[in-house]
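Peer 1: Handing you this structure, nothing more for now.
The values are calculated or read from the model by the stated rules, or taken from the named source; none is laboratory data. As the structure is a prediction and not an experimental result, all values here were calculated from the model. Here the Cβ positions follow ideal geometry from the backbone for every residue, glycine too, while neighbour counts run over all protein chains shown. Remember, those area values only see protein heavy atoms, side chains included, never the ligands or the DNA or RNA. Shrake-Rupley method; radii C 1.70, N 1.55, O 1.52, S 1.80 Å.
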Amino acid sequence: MDTQNPSVPPHAPSRTTDGNHPNQDRCRDGEGDQDRSNHSGGLLHDNTRHTARFTVIGNHLAQHRQLSLLAIGLAVYIQSLPKGARVDIKTLAARFPEGATRIAAALRELETHGYLRRTRERVPDGRIVTRTVSCNQPGATRRPHRPHEERTGASSRPRGKRAAAPRKPLPAVPRPAYPAPALLQQATDLLAGLHRRDPRLLLSACDAAHLAPGAAAWLEREVNPELIREALTADLPPEPLHRPAALLAHRLTTGLPPLPPYRRPGAPPLAPQPLRNCDGCDRAFRSPDPGDRCRDCAVPSAAAPRPAPGAAADGVEPNEAARAC
């Protein structure tokens, strides 16, 4: 029994548990992938779910292949701001270390690719402001926000029909102390003729009736109608006027001249001084007395050099004048 049979084949060695199982890598729930990632130096994420104060950014912006890094970061910052925040170049340059030139170039990039829209609009008080709209997904059609639909549920209007937005009332204008019909008619005629100077100032009958008391207040203050036309039509903005009546109401209110000097009842109105020609330069100017010179020619005579101290005055020696005293 103690003699070995040399014809028995040797037994195969038993497997050990030292980690040499062929399916061991498949049974570690991804540990092998993590090891390979550590060896390759790839990106790992240590993410925590946000529950407050976060902004959703699409990969189309975060991984945009044509936007610069500054433009992408600026778009992310703008999308994280609340409604009404200032995003002009001056404000952004004060917030970030990049200069105004680089920030302006980044804003133009965002406008080119549709992530930003900047338009100029006129507010009810007549000023022109810049509206900036941030688009988190350019090209997507979005239904305009209607607060009343949130309260009542679905809209009762049939689809395809869009209700016109209510028109804002025009700003208030000054009122004359004595709105005589003839004065109001003269003011209405003045406003109706403004389109001859600028076609954009063509007013409707309703707008002219609203602005007529303001123009009448100017006429009541003895302002020449031509000066009123000049005040209403001078230095108009070059862009189209969406509501010219609001601009005219603003100018009638802010540029109202003061009341004229008080005159006793029955006193004749002050007549303008007659026109005269200057004897020095033949320029026409108003003066109460004939022979007067205009302002430019009267300066040298008014600024004539004074006699030096101790000099004779009117042909009298200083010692004689002292003795006479």
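Peer 1: Given R₀ = 45 Å, FRET efficiency for VAL76-GLN186 by Cβ-Cβ distance, to 0.05?
Peer 2: Result of the calculation: an efficiency of 0.15.
Peer 1: Rounded to the nearest whole Å², what accessible area per residue is found for region 51-92 with the 1.4 Å probe?
Peer 2: Numbers: 3110 Å² over 42 residues.
Heavy-atom accessible area per residue stands at 74 Å².
Peer 1: May I ask you to order 283-289, 201-207, 214-220 by the average number of other C-beta atoms within 10 Å around their residues, highest value first?
Peer 2: 214-220, 201-207, 283-289
Peer 1: Taking R0 as 25 Å, what FRET efficiency do you get between ALA298 and ALA271 from their Cβ-Cβ distance, rounded to the nearest 0.05?
Peer 2: According to the calculation, E is roughly 0.60.
Peer 1: Given points 7 Å out from each Cα along the Cα-Cβ axis, report the ALA94 to LYS168 separation in nanometres with one decimal.
Peer 2: Result for the modelled spin labels: 2.5 nm.
Peer 1: Now a separate question. Can you list the residues of region 213-228 with backbone N under 16 Å from a point 7 Å past the Cα of TYR178, pointing along Cα to Cβ?
Peer 2: Counting backbone N atoms under 16 Å from the label point, the list is 216-223.
Peer 1: So, one more: Rounded to the nearest 0.05, what FRET efficiency is calculated for THR130 and ASP289 with R0 set to 45 Å and r the Cβ-Cβ distance?
Peer 2: That gives a FRET efficiency of 0.20.
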